[in-house]
Amino acid sequence: MLTWPTFKNFLKVLLFVISTTAVVYFSVDLIQEKNNLMDIEEYNPTSSLVVGQNPKDRSKFPFVDVHSHQWKMPVMDLSDLVADMDSLNMGYMINLSGSGFGTFAGNQDLMDISLTKSIENVESQGLSNRFGVFVNVDFNKIDDEGFAENNVSIIKDAVKQGAIGLKVYKNLGLNLKDNSGARVKVDDKRLNSIWEVCGELKIPVLIHSGEPSPFFDPIDKYNERWLHARQKPASFRSPDEYPSFEVVMQEQYNMFENNPNTTFINAHLGWYGNDLDKLSEQLDNLPNVYTEIGAVIAELGRQPIRAKRFFVEHQDRVLFGKDTYRKSEYNVYFRILETSDEYFDYYRKRHAHWKMYGLNLPDSILKKLYYKNALKLFPSIPADLFEIKN
């Protein structure tokens, strides 16, 4: 006959399980401590290497940040941000998210309002000489009747209001689907009218396609971004759900090549910061394409000799960008670009568990990277912000 345990017996079992678990936990902890075992996230050794230290909290020359995201721009008081910019020597910031969160909600009305309010807010605070705004469009409606005409109209209206470029997010080519459920490729011909009107209006298209190549690789002990996968697993792209890195990059290349009259800014070094030969080849083949260094300075900092040669060879085609705005992180950018420092840390371990080395770029290249190349693409930026005194 089946009998149910009494509450007293249940408590005994529960206490036994808890006490056993506690003993096992503390025993494992003691064994790990005794054998110097630790998690990879805990290991953070202090280097004994004695080398020069030249931290940089301010850039040598004024710069344009062509890749920033200020989601609250329609309503924010910009005075604190301007103070940050002044302290960094940032002359001008481009907010790529001018149409706001509505871009991801697929709400075109909200996107249009966000763009208008962003531009109006900048103007009302007398800061049109410090901030530029990009427009965003909704590719989710690619099969809707009048998709091309509507987006051409949206872009033209945005430029009339003061937008200085178009930002394309990474959902294109990865998880954006049309009405049939098919993935929308980066070189989809249904988007050609968008690229064409940007060329006609002479506004650049800054596009983020794909992810770093290790994000498409198996998540195992050989993947140098394993820690990123552990902390941010959604960043990785399983082959069961996504195309390969090579497929997305080839689609983007095709799109650049098929639209020679449009200027493109290939964000994040086109995710070829770990293969500068490939990036150099693309820049040589595609005179309408520029690139920028947002979120990939760690790739340059681990290969100072090759990276410096890249800047020398392509000094007229590279722009300064940061991506996520955190004032405290710019110093690593300045230090890598401007100094000869060796063996220093990047600011986020999951992005770079390796050490950084300075490129010590010459002033002539720094000026192009920091502002001269941007002034070529964005004639509305006041050049007098970048006059170098003395």
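Any residue that is among the charged types (D, E, K, R) and either surrounded by fewer than 15 Cβ atoms within 10 Å (Cβ to Cβ) or touching a helix residue (DSSP H, G or I) at 6+ places or on another chain (Cβ under 7 Å) (or both) - is there at least one of those in the stretch 119-129?
Initial filter on the stretch 119-129 (among the charged types (D, E, K, R)): 120, 123.
Okay, now just the ones that are also either surrounded by fewer than 15 Cβ atoms within 10 Å (Cβ to Cβ) or touching a helix residue (DSSP H, G or I) at 6+ places or on another chain (Cβ under 7 Å) (or both), so 120, 123.
Yes: the stretch 119-129 contains one or more residues that are among the charged types (D, E, K, R) and either surrounded by fewer than 15 Cβ atoms within 10 Å (Cβ to Cβ) or touching a helix residue (DSSP H, G or I) at 6+ places or on another chain (Cβ under 7 Å) (or both).
Scan the stretch 155-203 residue by residue and report those that are assigned to a helix (DSSP H, G or I) and under 30 Å from Ala234 (Cβ atoms).
Arg190, Leu191, Ile194, Trp195
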What pairs come up if the first residue lies in the stretch 313-334 and is touching a residue at least 40 places away in the same chain (Cβ under 8 Å) and under 11 Å from Tyr347 (Cα atoms), the second is of a type in the set (Phe, Trp, Tyr) and in a loop (DSSP other than H, G, I, E, B), and their beta carbons are under 9 Å apart, counting only those six or more places apart or on different chains?
Asn331/Tyr347; Tyr333/Phe320
With the checklist (1) assigned to a helix (DSSP H, G or I); (2) surrounded by fewer than 20 Cβ atoms within 10 Å (Cβ to Cβ) in hand, flag the one item Asp240 doesn't pass.
(1)
It is to be established whether one or more residues within the stretch 32-46 are closer than 27 Å to Glu292 by Cα and at pLDDT 80 or above.
no
Selected residue (criterion: nearest to the chain's Cα centre (by Cα)) from residues of the stretch 292-327 that are under 23 Å from Ala83 (Cβ atoms) and small (Gly, Ala, Ser):
Gly294
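Condition first: surrounded by fewer than 17 Cβ atoms within 10 Å (Cβ to Cβ) and under 15 Å from the mean Cα position of the chain (by Cα). Now tell me which residues in the stretch 328-346 satisfy that. Give the steps one after another, and end with the answer.
Initially, the stretch 328-346 is screened for residues surrounded by fewer than 17 Cβ atoms within 10 Å (Cβ to Cβ), giving 328-329, 331, 340, 342-343, 345.
Of everything in the stretch 328-346, just one residue is surrounded by fewer than 17 Cβ atoms within 10 Å (Cβ to Cβ) and under 15 Å from the mean Cα position of the chain (by Cα), namely Glu329.
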At least 1 residues that are acidic (Asp, Glu) in each: list the helices (runs of 4 or more DSSP H) lying fully within the stretch 46-142 that qualify.
79-88, 108-124
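Regarding Lys367, is this residue over 19 Å from Asn54 (Cβ atoms), surrounded by 19 or more Cβ atoms within 10 Å (Cβ to Cβ), in contact (Cβ under 8 Å) with a residue 24 or more places away in the chain and of a type outside the set (Phe, Trp, Tyr)?
yes
The values are calculated or read from the model by the stated rules, or taken from the named source; none is laboratory data. Because the structure is predicted, anything quoted here is derived from the model rather than measured. For neighbour counting, all protein chains shown are included, and Cβ atoms are generated from backbone atoms with ideal geometry for every residue, glycine included.
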